[in-house]
Structures are given as structure tokens and as C-alpha cells.
Amino acid sequence: MDFKYDIAMLLATRSRTESLGRSIRSLVEQAENIERVQLMFAFDRDDELGTEYFATDLQPWLDARNIAYTAMKFDRMGYIGLHKYNNAMAAQTNAKWLCIWNDDAVMETAAWDSVIMSYDNQFKLLSYRTHNLHPYSIFPIVPRKWYDLLGYISPHPTQDGWVSQQAYMLDIYERIAVDVLHDRYDLTGNNNDETFQNRPMLEGKPDDPRDFHSKQMLELRHRDSAKLATYMRSIGMSTVFFENIFKGTQDPWEKLAKNDVNNLMVQFANPHSK
């Protein structure tokens, strides 16, 4: 498939104005070649504040710079449906790499787009350096093939954890030399708004089949990882690490633990945790 763009940024946003503008300006101003970037926006139909800001402020700013973007409207799915917005946007992209972005994220590294493209034609999950060097890819960057193989980036709203766990099991996680500020209230004290406060989490109740750690979700992650592994083998990539996990000879979280320099994921300290 021939792609028109190199990188698509997927951004679902609601009722944020100043932080959304700051986020987008940081991407544009720090890019080495913004012409290779496709910006994707998801708005709720009932979000008058956000859509008015986009139409009267951000859209003219983007148009004046001839920046490629697509704005989509959805019936409100909420934070619990965040993955649905991103998967729908991903389906409409025409780019080699797909990056889930946030309206409270600020790009801090110049030529970030060139850093991503230095991994062109590699099948990996790329990870920015963000708050406290979290070992997950908080704003996941995946090759378009990932979406094509599975039909989604993630089937669960805990998207960063979902794809990061898959990448660690497949040994294809790569932290890149790009810094991103996650300007979230519990991290920086900013953006303590309705969007932050109303974030239902499908975690912590493993008896709920929708929970991130439920048996059903665990099995789905493993099945999807096996599909990715099949593709990896087809292009000559090693899947020994992944295969050894299920032989019981490989700790699946060995490399996650090495990346967890600030002990943010203590639940994975147990080598038998899966």
C-alpha cells in the first residue's frame, strides 16, 4: 500500500480549548516536516465548546499553514469508549505510522517526526519518553500493519497498557529519543476539568469480563499477540521470546521491569505474573 503521509496523529478530544491548541501547536512547531503528518480529530456531536473552538480558532490556524487534517464527529462514547474513537480514526488514515495522541500532551522534542521515521519499515511499538519514564508507551505509536492485522489498535480503553503488554511479550517495544509532557492533573496539577474527573476505568475488577485483567481480556491479548507473531515470522522476525513465554522458560515482563526505572509497575515484579 502506498501511503500519502508518514505519521497520523489520532486525537479524541472533548470540551478542551487552550490545552488542545497548545498540544497541536507543539506538534506543528516541533516537526521537521509537518507535510508528512496527518492530524485526525474526534469530537462528540454534543460538544459545542470543543467544536466551536476548532471551527473558529484551530481550524483557521491549520488552514493558514496548509496542514493536513480530518475532523470527525461521533455520538458521545465517553472515556470508556476512547479506543472506539481512535480505531475509527485509524480506519480513515493514510499513513505508515499511527500515533494515539492526547489533548493534554505537549511535544517537547524538535524533529520528533524524523525520529519516528528513522524506524521506517520496522514492526515495533514505539514509545515516547514521558512522565517518570513510564515503561508503557503512554501515547502508542504503531505501524499501520498492526491495525490492518487486528482490525483495531486496541479493543480496550486502556490502550497504552494493552499494546505495551503485547509489545513486551513479542519483544518489539522500543523507547525513542522523543520527550512528551503529559500535562494531566494528577501529574502536573493542570487540566482538572470534567474530562479528567469523569474517567471510568475498566481495571481493578477482574471478575468483570470487560476488565483489563479479566480472563477474557487476557486471552484476547494473547490471541492477538499470536496473530502479530505470525506476521512477524512471515517477514523473518524472531518470535523466540514470545514462544518461550508459553513454554514457561521466559519471564514475559523481563524487559518491562528493566525499563521501569522508577518502579511504576510493581505488579509486574513477580516473574510469574502474566
Residue list for segment 82-116, restricted to those being closer than 26 Å to ASP47 by Cα, surrounded by 15 or more Cβ atoms within 10 Å (Cβ to Cβ) and not hydrophobic (A, V, I, L, M, F, W, C)
HIS83, LYS84, TYR85, ASN86, ASN87, THR93, ASN102, ASP103, ASP104
Filtered residues of segment 30-80 (kept if modelled with pLDDT of 95 or more, of a type in the set (Val, Ile, Thr) and under 19 Å from the mean Cα position of the chain (by Cα))
VAL37, THR70
If a residue must be crowded, with 17+ Cβ neighbours inside 10 Å, within 23 Å of the chain's Cα centre (by Cα) and in a helix (DSSP H, G or I), how many such residues does segment 233-268 contain?
5
Members of segment 12-53 found to be surrounded by 17 or more Cβ atoms within 10 Å (Cβ to Cβ), touching a Ser or Thr at 6+ places or on another chain (Cβ under 8 Å) and either assigned to a helix (DSSP H, G or I) or among the basic types (Lys, Arg) (or both), listed by number
ARG14, ARG16, LEU20, GLN30, GLY50, TYR53
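For segment 138-150, what are the residues that are over 10 Å from the mean Cα position of the chain (by Cα) and in contact (Cβ under 8 Å) with a residue 40 or more places away in the chain?
Scanning segment 138-150 gives PRO143, ARG144, LYS145, TRP146, TYR147, LEU149, LEU150.
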Testing MET9 on (1) of a type outside the set (Asp, Glu); (2) surrounded by 14 or more Cβ atoms within 10 Å (Cβ to Cβ); (3) farther than 19 Å from ASP179 by Cα; (4) touching a helix residue (DSSP H, G or I) at 6+ places or on another chain (Cβ under 9 Å), one condition comes back false. Which one is that?
(3)
Output the number of the condition that PHE196 fails; it satisfies all remaining conditions of (1) modelled with pLDDT under 95; (2) closer than 30 Å to TYR231 by Cα; (3) surrounded by 14 or more Cβ atoms within 10 Å (Cβ to Cβ).
(2)
Only residues that are assigned to a loop (DSSP other than H, G, I, E, B) and under 30 Å from ARG233 (Cα atoms): list them for segment 97-124, please.
SER118, TYR119, ASP120, ASN121, GLN122, PHE123, LYS124
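Based on what the data block shows, is ASP2 over 18 Å from HIS182 (Cα atoms), charged (D, E, K, R) and in contact (Cβ under 8 Å) with a residue 12 or more places away in the chain? Quick ask: steps written out before the conclusion?
On the way: over 18 Å from HIS182 (Cα atoms): yes; charged (D, E, K, R): yes; in contact (Cβ under 8 Å) with a residue 12 or more places away in the chain: no.
For ASP2, the condition - over 18 Å from HIS182 (Cα atoms), charged (D, E, K, R) and in contact (Cβ under 8 Å) with a residue 12 or more places away in the chain - is not met.
The values are calculated or read from the model by the stated rules, or taken from the named source; none is laboratory data. Just so it is clear, the structure is predicted and the values come from calculations on it, not from any experiment. With ideal geometry, Cβ positions are generated from the backbone for all residues, glycine too; neighbour counts draw on all protein chains shown.
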